[in-house]
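Contents: one structure, followed by commentary.
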Amino acid sequence: MTRWPRKEGREPTQAQQLFRRMVREWLGVSLILLPLTAVLSLSHGLTLSNLLYDNLQRLSPLPVDPRILIVTIDDYSLQQLGKWPWPRPVHADLLDRLTAAQPRGVLFDVIFSEPDPNPENDQRLAQALCQAGNVYIPLLREGVARFDQPLAEIEPVAPLSQCAKGVGHINAEADADGKVRSVYLREGPAPQPRAQLAWLLYQASTDAAVALPGSSAPQTAQGWQRSHNVRIPFIRQPGGFPTVPYVSVLRGDVPAQLLRDRLILIGSTAPGLGDRYVTPQSASLGTTPGIEIQANLLNGLLQQRSILVLGNGWTLSLSTALVAALLALLLFRPRRALWLTLGGLASALLVSALLLRAGWWWSPMASLLGMILGYLVWNWRRLNAVLAYFGWELQRLDNEPKVFPERRRTATPAGDVLQGQIVALEQAMSRTRDTRRFIADGLEYLPVATLISGPDGRVLLANRNARGLFADDLVGEPLMARLAGLGYPGLAEGALPAVSTLGSSEFRDTQGRSLRLELAPLLPADGGAAIGWLLSLTDLSLEREAEEQRAVLLRFLSHDLRAPHSAILALLDVQHQQGSADPQLHSQIEVQVRKALGLTEAFVQLAKAESEAYQFAPSMFAMLVLDAFDQAMSCAQLKQIELLHDLDEEAEGMVLADPSLLTRALFNLLENAIKYSPPGSQVRVRVSCAQGWLSCEISDQGQGISAQELPELFSQYRRFASAQGSEGLGLGLSMVKAVVDRHGGRIFCQSRVNEGTTFRMELPLLED
């Protein structure tokens with residue numbers, strides 16, 4: 001039974017109407033503002049996000065781990081030892097000094113990618129590395145990829161790589177503003193990326209097995225794979241890390257006790273060497289040397305304080321939740337809008353600071369923007385509603401669609417609001433009268449039989465088609481009684497139900513005509529109970545006759561047209577056995593008859609997929625796949641093609657399907673894969689379920705389909721260049737597309753020429 005609006009009762013006050021309208025508007029604003037906030041929360045390029053991060057990170061800096069010591073290649077060392085680069089025996093002497101002091105590990109941030117002109121120098125440094133046994137050296141990434149080649153690593157020279165404890169990357173990632181805030185702990189050419197150099201030194205400093213922080217999902221670009229992105233937790237300034245000059249260690253001026261059991265980082269701090277970067281600390285300290293970036297990263301790892309970016313799901317949920325809470329509070333506490341907004345802004349900043357202290361970064365920028373925008377829109381809408389309400393009714397009438405030319409408006413005195421409203425009312429009343437006459441004339445000439453009845457069910461107006469259908473003037477007649485006389489089902493003689501009980505339905509009248517009834521209530525302008533009913537009767541006799549003729553045609557094609565072809569094939573078999581005619585002629589006739597049968601079958605299957613009433617039932621998709629496998633197995637064996645399927649517990653999903661038609665669609669896809677695959681190849685079916693959808697992939701190793709032909713792949717009667725030399729009618733994929741569409745699913749195709757084709761079918765899973 002159709003439910004119509006509430007019965008007439010106490011009308012709401014103007015204030016209630018205003019509040020309800022504002023609630024609806026505010027819900028609409030929320031539906032726009034919340035998705036906008038969600039989109040902004042996933043945008044990592046917001047300028048103020050990095051500024052907020054830098055300032056919040058300063059609120060919780062890390063202390064310096066006492067195990068870290070930096071040996072600096074500074075200006076003083078350059079003055080004492082000469083210009084850079086220094087001979088490699090100098091570095092070897094330094095390592096000998098450090099080895100004697102027995103440090104825990106050494107990170108040597110100096111590039112040794114080119115061999116020394118004197119091979120003995122490389123051997124000297126390699127000997128020092130081997131003797132130390134705990135030195136880690138860096139490798140480089142190519143700046144520009146070579147033609148048609150992925151990015152590659154530039155290793156240290158062979159003797160040094162063999163003697164070093166480990167080789168790793170020293171790359172740092174700059175954000176859009178040019179500041180370095182994060183690194184990838186694992187990167188390099190796929191599929192074997194290497195660890196970051198600071199991570200290798202951290203592993204050497206602990207005896208326990210530790211896992212890389214951050215997400216392990218790889219990001220690949222130009223063959224270069226990166227994962228485990230972390231933000232660098234910078235230390236408190238101005239204290240900084242303890243440092244000693246390179247030349248002081250080399251000359252033995254640094255006591256061995258200061259070096260023992262330390263994690264020593266050797267690198268350049270001299271501005272002239274160019275190894276300096278812009279970091280969040282640059283505002284007060286200038287550019288930061290690369291070795292200090294490694295030290296900050298190592299310091300965070302040692303204290304288990306690596307900063308990870310909050311996942312997209314949590315980021316989106318947290319950002320939208322804070323904005324949604326503010327929007328709800330603004331609706332129910334409008335007088336405290338300013339204080340609520342300020343409290344929401346402070347809460348977002350506080351949550352971000354607390355998460356940062358716990359080692360997670362969540363940018364509150366999207367929430368802040370959403371709250372500010374919500375406050376501005378809220379105040380604008382409240383002021384606008386109050387100012388516009390007094391002339392709202394007249395404005396609504398004036399904004400009604402103009403369906404015919406209007407009369408000339410009376411001039412309105414400028415500045416006289418009351419006179420303007422009177423003129424607007426006059427114009428609105430005139431338009432209402434004209435509209436009423438226009439509607440009456442329009443209903444009269446509608447091509448569909450249309451009746452209007454009052455709330456008591458008596459006909460108030462009937463157009464000419466309605467009078468012709470009932471063969472009578474219906475004005476004043478009871479509508480339900482006339483429908484009963486016309487043959488509407490369920491209306492017996494005697495007590496008749498109310499007009500509101502009617503629903504959309506199709507029936508045959510006493511004269512055998514197929515009529516469709518539609519009913520709609522006529523509502524007053526200010527809402528409330530229906531003041532009448534609009535009923536239409538559409539004659540569908542011609543459409544139904546056409547559908548019956550189509551069904552007869554399908555039966556003819558399915559049975560009568562196939563029967564003579566089958567008889568011809570049987571006669572050919574008899575004559576072939578008797579050997580009484582030309583075998584070549586028989587073979588040609590047989591080929592043509594089988595093509596005709598194939599065309600008939602394909603057309604019938606397509607017509608069934610597009611027109612038949614589907615008989616949906618809960619079905620296990622894996623069983624349908626196995627049925628299609630059984631049907632296609634003989635075709636595969638003839639071409640020596642191996643049919644494979646991946647059907648596990650996840651593939652045992654239930655779908656609401658017509659088993660016969662869906663099985664036929666799967667068979668068509670398998671048949672196509674077998675047809676266009678070379679002998680001895682494989683056809684594989686994979687089934688998986690995720691997020692309420694079942695996915696079925698059918699892959700072959702055939703000749704593939706060109707990119708130009710893919711957009712027209714599911715068109716009817718289309719044959720492509722890639723299918724030349726194979727039998728086909730161009731209807732099989734059209735049938736598959738029609739079946740998948742009727743099941744509420746989707747179908748896609750991915751293909752490359754000479755590499756194979758994959759069809760992916762997606763169907764909605766049956767909910768428990």
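Remarks
- The criterion of being in the same structural domain as LEU107 (by TED's automatic domain parsing), assigned to a helix (DSSP H, G or I) and touching a helix residue (DSSP H, G or I) at 6+ places or on another chain (Cβ under 7 Å) holds for LEU201.
- Selection within region 85-133 - in a loop (DSSP other than H, G, I, E, B) and farther than 18 Å from GLU155 by Cα: PRO85, TRP86, PRO87, GLN102, PRO103, ARG104, ASN118, GLY133
- When ALA198, ALA176 are checked against the criterion of being under 22 Å from PRO233 (Cβ atoms) and exposed (fewer than 15 other Cβ atoms within 10 Å of the Cβ), a single residue qualifies: ALA176.
- Region 668-715 - residue that is of a type in the set (D, E, K, R) and out of contact with any Ser or Thr (no Cβ under 8 Å at 6 or more places or on another chain) and, of those, farthest from GLN750 (Cα to Cα): GLU671
- All conditions in (1) part of a helix (DSSP H, G or I); (2) modelled with pLDDT of 85 or more; (3) surrounded by 14 or more Cβ atoms within 10 Å (Cβ to Cβ); (4) not polar (S, T, N, Q) hold for LEU330, with the sole exception of (2).
- Failed item in (1) surrounded by fewer than 20 Cβ atoms within 10 Å (Cβ to Cβ); (2) hydroxyl-bearing (Ser, Thr, Tyr); (3) part of a strand (DSSP E or B), with SER215 passing the rest: (3)
- Where a residue in region 627-653 is modelled with pLDDT of 85 or more and its partner, wherever it lies, is polar (S, T, N, Q), with Cβ under 6 Å and at least six apart: ASP627/THR663; ALA628/THR663; ILE641/SER677; ILE641/SER681; GLU642/GLN682; LEU644/GLN682
Here's the yes/no breakdown for (1) assigned by TED's automatic domain parsing to the domain that holds ALA101; (2) outside any helix (DSSP H, G or I); (3) modelled with pLDDT of 80 or more:
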| residue | (1), (2), (3) |
| --- | --- |
| GLU8 | no, yes, no |
| MET22 | no, no, no |
| GLY28 | no, no, yes |
| LEU31 | no, no, yes |
| SER49 | no, no, yes |
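- If you go through region 149-176 and keep only what is among the charged types (D, E, K, R) and more than 30 Å from THR47 (Cβ to Cβ), you end up with GLU153, GLU155, LYS165.
- Members of region 185-218 that are under 17 Å from PHE108 (Cα atoms) and charged (D, E, K, R): ARG194
- Being outside any loop (DSSP other than H, G, I, E, B), in the same structural domain as VAL39 (by TED's automatic domain parsing), among the aliphatic types (A, V, I, L, M) and without any contact (Cβ under 8 Å) to a residue 12 or more places away in the chain is a property that LEU354 has.
- Pairs with Cβ under 9 Å, 6+ apart, first in region 76-98 and farther than 18 Å from ASP253 by Cβ and in the same structural domain as ASP261 (by TED's automatic domain parsing), second β-branched (Val, Ile, Thr) and surrounded by 17 or more Cβ atoms within 10 Å (Cβ to Cβ): TRP84/ILE73; PRO85/VAL110
- Scan region 714-766 for residues that are farther than 18 Å from THR663 by Cβ, part of a loop (DSSP other than H, G, I, E, B) and at pLDDT 80 or above and the total you get is 3.
- Residue satisfying all of: in region 617-626; in contact (Cβ under 8 Å) with a residue 40 or more places away in the chain and touching a helix residue (DSSP H, G or I) at 6+ places or on another chain (Cβ under 9 Å); farthest from ALA690 (Cα to Cα) among these: ALA617
- Qualifying residue in region 147-158 (condition: assigned to a helix (DSSP H, G or I), touching a residue at least 24 places away in the same chain (Cβ under 8 Å) and crowded, with 16+ Cβ neighbours inside 10 Å): no
- Sub-7 Å Cβ pairs linking a first residue in region 243-254 that is outside the structural domain of PRO289 (by TED's automatic domain parsing) and small (Gly, Ala, Ser) to a second residue that is at pLDDT below 90 and surrounded by fewer than 16 Cβ atoms within 10 Å (Cβ to Cβ), at least 6 apart or interchain, number zero.
- Residue in region 162-177 that is in a loop (DSSP other than H, G, I, E, B) and of a type in the set (Lys, Arg) present: yes
- Qualifying residue in region 224-244 (condition: aromatic (Phe, Trp, Tyr) and within 27 Å of LEU78 (Cβ to Cβ)): yes
- Every condition in (1) at positive phi; (2) in contact with a helix residue (DSSP H, G or I) (Cβ under 8 Å, 6 or more places away or on another chain); (3) of a type outside the set (A, V, I, L, M) holds for GLY82 except the one numbered (2).
- Filter result for the condition that a residue is over 30 Å from LEU310 (Cβ atoms), buried (at least 16 other Cβ atoms within 10 Å of the Cβ), within 52 Å of the chain's Cα centre (by Cα) and of a type in the set (Asp, Glu), over ASP65, ASP122, ASP74, ASP116: ASP74
The values are calculated or read from the model by the stated rules, or taken from the named source; none is laboratory data. Everything numeric in this text was worked out from a predicted model, so none of it was measured. Quick reminder, even Gly has a Cβ in these numbers, built from the backbone with ideal geometry, and neighbours come from all protein chains shown.
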